[in-house]
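Have a look at the structure below before the remarks.
The values are calculated or read from the model by the stated rules, or taken from the named source; none is laboratory data. Keep in mind that what you see is a predicted model, and the values were worked out from it rather than measured. Reconstructed Cβ throughout: ideal geometry from the backbone, glycine too, with neighbour counts over all protein chains shown. Only protein heavy atoms, including side chains, enter the accessible area calculation; ligands, DNA and RNA are left aside. Shrake-Rupley method; radii C 1.70, N 1.55, O 1.52, S 1.80 Å.
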Amino acid sequence: MTIAISIGIFLSIILFVEGAYYCYHQYVNPQTRTLKRRLRGGSGKPQDLQKADATAGILRQRKMSDLPWLQDLLVSMTNLGGLEKLLQQANSQMSIGVFFLLSGVLGGGGLVIAVLKDYGLGPALGLGLLGLSLPWLYIKRKRKRRFKEFERQLPEALDLMARALRAGHAFSVGMKMIGDEFPDPIGPEFNRTVEEISFGIDVPQAMDNLNGRVISTDLKFFVTALVVQRETGGNLAEIIEAISRLIRQRFELLGRVKALSAEGRMSGIILFAMPIVMAGVLWVLNEPYVRILIEDEIGRIMALGAGLLMIVGAYVMKNMCDIKV
């Protein structure tokens, strides 16, 4: 109990310090006030303006956190490119600093709950790791849903581009029409590609950048066909229409496969969820009966073995029902 109170006091102090610093940085900091005055058109001291202009750089700085010490720490870490790319692919407005702070708060909350309930060291670490991984799982799920939505919009976007090419418009104009007419995710991604082309990047390189931002097999077909067409020639409108038709046929086949494998997927979900649901029900009805799996050493071994077997079974059933099309 003393440990839980100590952890709670420590987290409360951290949150208080962070809130106080945010208020200072947002309302009291002289640099922020000077910047707001300059944005309003006010005049500041000439020496201050000259100093600000002298320190301003022309290179874009990576903004990972509003806290200077956390910003310096994250910038010094060279292996955060994957996480930064993950947040961009999920179109998340969360910065890397907020991501780490949220993970730490949730992980600490899981530890506090486990200590208050007196679950023991193993369950406490498990809850802490679960809370620590929740933001990462959320971003991964958000990215996956965004990619699926991109693939759903892609055939209609390609049809619009093909009609624009047949009407005599240039390829960049067709890309711009997709960016203006379609919502997120395909609209902003194509708009970004058009901006890269306008700034002087070659079309194959800009399309390769788009292919790197969005993980999609259908998009790879489109980019590969476009690069080959630019090197060998051909009717681009017919090629795009053929790709759109192929994508629609693949979606139709995928729908049939999902319908045929629905029984197996539902069986896997029920078999995986049934032990968890029954354990929760027994915990509510007769808590001492279930606490043996936590307090007793043999019970913890049995619970761990059952969890590992459930994970292996879920993995096997998922691969059996996940038919690639």
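Can you give the extra length, in nm with one decimal, that the chain gains between ASN235 and ILE270 once fully stretched, where that is 0.36 nm per residue apart less the Cα-Cα distance?
Full extension of this stretch gives 7.5 nm more.
Could you derive backbone 3J(HN,Hα) for the stretch 292-297 from the dihedral phi with the Karplus parameters 6.51, -1.76 and 1.60 (θ = phi - 60°), listing whole Hz in sequence and x where the residue is Gly or Pro?
4, 5, 9, 7, 7, 5
Between LYS324 and GLN93, what is 0.36 nm times their sequence separation minus the Cα-Cα distance? Round to one decimal in nm.
Net length gain for the segment: 79.9 nm.
Taking all protein chains together and a probe of 1.4 Å, list THR232, THR217 from the most accessible to the least accessible.
Of THR232, THR217, the descending order of accessible area is THR232, THR217.
Tell me the net charge near ILE294. Cut-off is 15 Å between Cβ atoms, ILE294 excluded, with +1 for each Lys or Arg and -1 for each Asp or Glu.
-2
Over what distance in Å are the Cα centres of the stretch 251-325 and the stretch 180-230 separated?
Here the answer is 40 Å between Cα centres.
Starting from a Cα-only point model with no solvent, please compute log10 I(q)/I(0) by Debye for the stretch 178-256 at q = 0.17, 0.21 1/Å.
Calculated log10 I(q)/I(0) at the listed q: -0.76, -1.11.
How large is ³J(HN,Hα), in whole Hz, for each residue of the stretch 245-251 in order, when computed from phi with the Karplus curve 6.51 cos²θ - 1.76 cosθ + 1.60 and θ = phi - 60°, using x for Gly and Pro?
Result, rounded to whole Hz: 5, 5, 5, 5, 5, 5, 4.
Are there trypsin sites (Lys or Arg not before Pro) in the stretch 267-325 that DSSP puts in a loop and that have at most 11 other Cβ atoms within 10 Å, and which ones?
LYS324
What list of ³J(HN,Hα) couplings, whole Hz, do you get for the stretch 220-231 from phi and the Karplus terms 6.51, -1.76, 1.60, once you set θ to phi - 60° and write x for glycine and proline?
4, 4, 5, 5, 5, 5, 5, 5, 5, 5, 5, 8
Distance cut-off 31 Å, Cα to Cα: go down the list LYS176/LYS258; LYS220/LYS258; LYS117/LYS318; LYS142/LYS220 and report the pairs above it.
Exceeds cut-off: LYS176/LYS258; LYS117/LYS318.
Express the carbon and sulfur contribution to the solvent-accessible surface of the stretch 112-183 as a percent, rounded to the nearest whole number, probe 1.4 angstrom.
Summing carbon and sulfur atoms, their accessible area is 60 percent of the total for the stretch 112-183.
Given H placed 1.01 Å from N in the peptide plane, which residues other than close sequence neighbours of SER261 have an amide H under 5 Å from its amide H?
none
Any idea of the accessible area per residue across the stretch 208-272, 1.4 Å probe, to the nearest Å²?
For the stretch 208-272, the solvent-accessible area averages 61 Å² per residue.
For a quick check of your reading of the filter: which chymotrypsin sites (Phe, Trp or Tyr not before Pro) in the stretch 103-198 sit in a DSSP loop and have no more than 15 other Cβ atoms within 10 Å?
Numbers: sites: TYR119, TRP136, TYR138, PHE147, PHE150, PHE171, PHE190; in loops: TYR119.
In loop regions of the stretch 103-198 (DSSP not H, G, I, E or B), there are no sparsely surrounded chymotrypsin sites (Phe, Trp or Tyr not before Pro).
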